[in-house]
Amino acid sequence: MSQRISHHLLLCATATKAKCCDPDIGAASWDALKRQVRELDLENPSRAQGIVLRSKADCLRICEQGPILLVWPDGTWYGGVTPERISSILQQHIIQGQPVEEWVLKTTTFT
């Protein structure tokens, strides 16, 4: 039986290209994302809204403002995602359903 997925968070946090984020900030942001998703129990299969998946991406192709966080299925692209911003994004966007507009680079629809 498949689990319901509420969101999939893709974080460009592996700085391997010249235009990528600072590797220390990327690594710290990834560590913060992993820790806080666990602490907020967002991976719990019993979560009514569905589980939250997370993946570390090498490149999301708009890295000049990285680390970049893409929230699927909402199509919200966040730029400058520091460890300090992770908590606000998880609380306000993922849990409360309201994107943190000041950090949104763009929104894309997935069809």
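Remark on ARG54: its backbone amide H falls under 5 Å from those of LEU9, a criterion applied only to residues 5 or more positions apart or on other chains, H modelled at 1.01 Å from N. Take every DSSP beta bridge whose two residues both sit in the chain; close to 60 percent of them are antiparallel.
Positive end of the dipole of the chain (Cβ unit charges, origin at the Cα centre): among LEU90, LEU10, LEU40, the Cα lying farthest that way belongs to LEU10. Put simply, when 5-11, 47-53 are sorted by average Cβ atoms within 10 angstrom per residue, most first, you get 5-11, 47-53. Need one number: the % of Cα-Cα pairs in region 67-111 sitting beyond the 13 Å mark. Across region 67-111, Cα pairs with separations above 13 Å total 49 percent. Dipole magnitude for the chain: about 320 debye, using +1 per Lys or Arg Cβ and -1 per Asp or Glu Cβ, origin at the Cα centre. If you line up the long axis of helix 23-39 against the longest principal axis of the chain, both from Cα atoms, how many degrees apart are they, to the nearest 10? Taking the Cα atoms of the chain, the angle to 23-39 is about 10 degrees.
Rule-based calculations on the coordinates, nothing more; no lab input. As the structure is a computational prediction, the values presented were derived from the model and not from experiment. Cβ sites come from the backbone with ideal geometry, for glycine too, and all protein chains shown count toward neighbours.
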